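The values are calculated or read from the model by the stated rules, or taken from the named source; none is laboratory data. This one's a predicted model, so the numbers in the text were calculated from it and none came from an experiment. As a convention, Cβ positions derive from the backbone with ideal geometry for all residues, glycine included, and neighbour counts pool all protein chains shown. We work out accessible area using only protein heavy atoms, side chains counted, and drop any ligands, DNA or RNA first. Shrake-Rupley method; radii C 1.70, N 1.55, O 1.52, S 1.80 Å.
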Amino acid sequence: MIDGAQIRMARAALHWKVTDLAERAEVAWARLQVIEKSNGVPRLDPVVLGRIRSAFEEAGIIFIEGDDTAGAGVRLTAPAKD
């Protein structure tokens, strides 16, 4: 599961505004702002979280899970699309 920090990181890597992600994931921008501020995995409908994740993955983001040596993160595999 992706968390609020990863969502912020992914959006920054792509140079997306909240409204860009809202449009691509079909989620209200105000709701995204609340999700991004959450610590840990946001408590919301898995379908909504899936749409957010899919929007990022289609743009070239890979989500990296945290482990005992490093925290969770993201990697951009393709040039940012505006």
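So the values come out like this:
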read-out	value
Positions within segment 1-40 being under 11 Å from the mean Cα position of the chain (by Cα) and in a loop (DSSP other than H, G, I, E, B), in sequence order	1, 2, 3, 16
Selection within segment 53-74 - assigned to a loop (DSSP other than H, G, I, E, B), more than 15 Å from residue 3 (Cα to Cα) and open to solvent by 70 Å² or more (accessible area, probe 1.4 Å)	68, 69
Residue selected from segment 12-52 under the condition in contact (Cβ under 8 Å) with a residue 40 or more places away in the chain and under 18 Å from residue 71 (Cβ atoms), by the criterion most open to solvent (accessible area, probe 1.4 Å)	41
